[in-house]
Amino acid sequence: MTAPSTRLAEDHDGTPTRSLQLRVNGAARQCQVPDDLLLIDLLRDGLGLKGCHCGCDTAQCGACTVLLDGVAVKACNMLAIQARHREISTIEGLAPSSQTLHPMQLAFSRHHGLQCGYCTPGFVMRAMAMVDEPVPASPEAVRQALGGNLCRCTGYEGIVAAICEGLTVLRAQRGQEPQA
């Protein structure tokens with residue numbers, strides 16, 4: 001079966017494009033993209049994945065955080081072509097179904113780890129990367145690991161509590177020992 005194809009070469013100035021193959025939320029995708037297309041623009045405009053937000057355009061706020069091969073990256077500061085043959089995970093691919101939230105999303109809901117919601121997908125995806133990092137599920141460690149994500153609405157208490165719970169639950173589901 002051939003991967004769905006997306007054409008993003010809508011520039012009318014004759015900008016050349018390249019073929020880009022990648023996996024997004026587990027699905028193989030093939031796109032024609034200009035060399036200067038940012039990953040956030042591919043995700044939002046080319047693939048219709050609107051959960052990744054552009055809050056600053058300078059990789060300072062983290063609203064655009066996605067996972068690239070399991071590592072948190074800022075999609076506003078990365079060229080789409082750099083994701084060639086890689087796996088991208090976005091907030092849209094996190095929940096197992098439209099009826100069931102992922103354990104990290106449930107933790108955010110339980111701890112009121114959001115207010116306006118604009119930054120929430122970036123925080124959730126950053127938290128998902130922490131599951132595989134040596135970040136203890138403690139408020140101090142989580143705050144340190146969140147250094148590249150900003151929220152202008154909350155006091156971070158709910159976000160930090162949610163991530164601590166999510167890390168504990170997800171690591172226990174994997175049979176991992178708590179991080180020291």
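Data for the structure
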read-out: Residue list for region 107-122, filter: surrounded by fewer than 14 Cβ atoms within 10 Å (Cβ to Cβ), touching a helix residue (DSSP H, G or I) at 6+ places or on another chain (Cβ under 9 Å), on the phi < 0 side of the Ramachandran plot and not in a helix (DSSP H, G or I); value: none
read-out: Residue check, L146 surrounded by 14 or more Cβ atoms within 10 Å (Cβ to Cβ) and modelled with pLDDT under 95; value: no
read-out: Qualifying residue in region 99-106 (condition: in contact (Cβ under 8 Å) with a residue 24 or more places away in the chain, outside any loop (DSSP other than H, G, I, E, B) and among the β-branched types (V, I, T)); value: no
read-out: Matching residues in region 56-77 - criterion: being surrounded by fewer than 17 Cβ atoms within 10 Å (Cβ to Cβ) and either part of a loop (DSSP other than H, G, I, E, B) or touching a His at 6+ places or on another chain (Cβ under 9 Å) (or both); value: C56, D57, T58, A59, Q60, D69, G70
read-out: Failed item, numbered, when L167 is tested on (1) touching a helix residue (DSSP H, G or I) at 6+ places or on another chain (Cβ under 7 Å); (2) assigned to a helix (DSSP H, G or I); (3) under 20 Å from C64 (Cα atoms); value: (3)
read-out: Residue among I81, I40 that is of a type in the set (A, V, I, L, M, F, W, C) and either loosely packed, with under 15 Cβ neighbours inside 10 Å or closer than 28 Å to C153 by Cβ (or both); value: I40
read-out: Filter pass, R171 being basic (K, R) and open to solvent by less than 50 Å² (accessible area, probe 1.4 Å); value: yes
read-out: Answer from M130, M125 - the residue that is surrounded by 17 or more Cβ atoms within 10 Å (Cβ to Cβ), touching a strand residue (DSSP E or B) at 6+ places or on another chain (Cβ under 6 Å) and among the hydrophobic types (A, V, I, L, M, F, W, C); value: M125
read-out: Exclusive hit being basic (K, R), farther than 25 Å from G26 by Cβ and without any contact (Cβ under 8 Å) to a residue 24 or more places away in the chain, set R110, R143; value: R143
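The values are calculated or read from the model by the stated rules, or taken from the named source; none is laboratory data. Every value quoted in this text rests on a predicted model; they were computed, and no experiment measured them. Note: ideal-geometry Cβ built from the backbone for every residue, glycine included; neighbour counts use all protein chains shown. Accessible surface areas use protein heavy atoms only, side chains included; no ligands, DNA or RNA. Shrake-Rupley method; radii C 1.70, N 1.55, O 1.52, S 1.80 Å.
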